[in-house]
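Enquirer: Here it is, the structure in full.
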Amino acid sequence: MDERIPPFRNRIGKKRSPSPWILAFIFLFFMGALFAIFLRSPLSKIKEIEVSGNQLVSTETILKKARLQKGVSFFGVQPDEIANQIRTIPEVRHAEVKKLFPDKVTILVREKPVVGWVETKDQKHLPILSDGTILPHRQLSFKSDRILFKGWDLAHPMLQQMVQEIEKLPPMIQRSIKEVRPVPKHQDQVEILTGYHHRIFVRVEDLSQKMNYYPSFFKHPQGTLYLLESIWFIPDDGTEPAT
């Protein structure tokens, strides 16, 4: 009778360990819960916004265009999208947006330089950018060390192209230019007045190329320089033209 009863087996100490999949699920569940709590807490909000590189455009204007302010979700910020919005501002050439975990956003702006001023018929001076964009509503203090574009109709077809040509010139030549006027009888030409007391006539389409000859005339006496099909110089004293 005793032989038919199987012997008692002690199973203490042979308990099976939990499945690694169960442990992974529990870990992911708690991590997801903590992340959800983090997103809903003030810790996930932007606390600092740093804007740099802007001089023409105010920080307020940039943030308004970016639709960015403190207190919005850090993870909801899309840097590329915001940078594209900022680039639509006429004065902005380039914008770069970065997120710095956990609560900071930086915006680096590179603006188009102001080449000079366009004088209107009512004697107002409007800033004009390197791409020829005129800023009629931008209140900037007039600076006489920049080029004055005088006698121009704001809708003149050559104005924008002429400014873009000047922007291509070396800084030394740009600094020598004081005033640029249209030539009434030759719409494709401009008259340039320089700090060396010279008048220069040149076609707009050739300006960035032909003006590179001008440094060799810096020491010439006061007179007129023609940079057209041929190049010649006439001193104001009425002597024979020099070539």
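Enquirer: Applying the selection to the range 114-144, what residues are closer than 15 Å to residue 90 by Cβ and assigned to a loop (DSSP other than H, G, I, E, B)?
Expert: Within the range 114-144, 130, 131, 132, 133, 135, 136, 137, 138, 139, 140 meet the criteria.
Enquirer: Now, a different point. Within the range 151-160, can you find the residues that are open to solvent by 70 Å² or more (accessible area, probe 1.4 Å), under 16 Å from residue 186 (Cα atoms) and not acidic (Asp, Glu)? Walk me through it before giving the result.
Expert: Pass one, the range 151-160, residues open to solvent by 70 Å² or more (accessible area, probe 1.4 Å): 153-155, 157, 160.
Then keep just the ones that are under 16 Å from residue 186 (Cα atoms); that gives 153, 157.
Once the filter is applied, which keeps residues that are open to solvent by 70 Å² or more (accessible area, probe 1.4 Å), under 16 Å from residue 186 (Cα atoms) and not acidic (Asp, Glu), the range 151-160 yields only 157.
Enquirer: Suppose we filter 216, 208 for residues that are part of a helix (DSSP H, G or I), surrounded by 15 or more Cβ atoms within 10 Å (Cβ to Cβ) and of a type in the set (Ser, Thr, Tyr); which single one remains? Before the answer, list the steps.
Expert: On the way: 216 fails: surrounded by 15 or more Cβ atoms within 10 Å (Cβ to Cβ).
Answer to the selection: 208.
Enquirer: Can you find a residue in the range 35-53 that is in contact with a helix residue (DSSP H, G or I) (Cβ under 7 Å, 6 or more places away or on another chain), free of Cβ contacts under 8 Å to residues at least 12 places away in the same chain and of a type outside the set (Lys, Arg)?
Expert: Yes, the range 35-53 contains at least one residue that is in contact with a helix residue (DSSP H, G or I) (Cβ under 7 Å, 6 or more places away or on another chain), free of Cβ contacts under 8 Å to residues at least 12 places away in the same chain and of a type outside the set (Lys, Arg).
Enquirer: Could you list, in sequence order, the residues of the range 145-155 that are within 19 Å of residue 176 (Cα to Cα), assigned to a loop (DSSP other than H, G, I, E, B) and touching an Asp or Glu at 6+ places or on another chain (Cβ under 9 Å)? Walk me through it before giving the result.
Expert: Our first condition is that a residue be within 19 Å of residue 176 (Cα to Cα); within the range 145-155, this holds for 145-150.
Now drop any that are not assigned to a loop (DSSP other than H, G, I, E, B), which leaves 145-146, 150.
Scanning the range 145-155 gives a single hit, 150.
Enquirer: Same structure, new question: Anything in the range 120-136 that is farther than 14 Å from residue 163 by Cβ and either open to solvent by less than 50 Å² (accessible area, probe 1.4 Å) or modelled with pLDDT of 90 or more (or both)? List them, or say none.
Expert: Just the residues of the range 120-136 that are farther than 14 Å from residue 163 by Cβ, to begin with: 120-125, 136.
Answer for the range 120-136, where residues must be farther than 14 Å from residue 163 by Cβ and either open to solvent by less than 50 Å² (accessible area, probe 1.4 Å) or modelled with pLDDT of 90 or more (or both): 120, 125.
Enquirer: Only one of 72, 57, 51 is aliphatic (A, V, I, L, M) and surrounded by fewer than 16 Cβ atoms within 10 Å (Cβ to Cβ); which? Before you say what the answer is, go through the steps one by one.
Expert: Working: 57 fails: surrounded by fewer than 16 Cβ atoms within 10 Å (Cβ to Cβ); 51 fails: surrounded by fewer than 16 Cβ atoms within 10 Å (Cβ to Cβ).
Criteria check complete, one pass: 72.
The values are calculated or read from the model by the stated rules, or taken from the named source; none is laboratory data. It should be emphasised that the depicted structure is a prediction, and the values quoted were computed from it without experimental measurement. Every residue, glycine among them, receives a Cβ derived from its backbone with ideal geometry; neighbour counts consider all protein chains shown. These area figures cover heavy atoms from the full protein model, side chains too; ligands, DNA and RNA do not enter into them. Shrake-Rupley method; radii C 1.70, N 1.55, O 1.52, S 1.80 Å.
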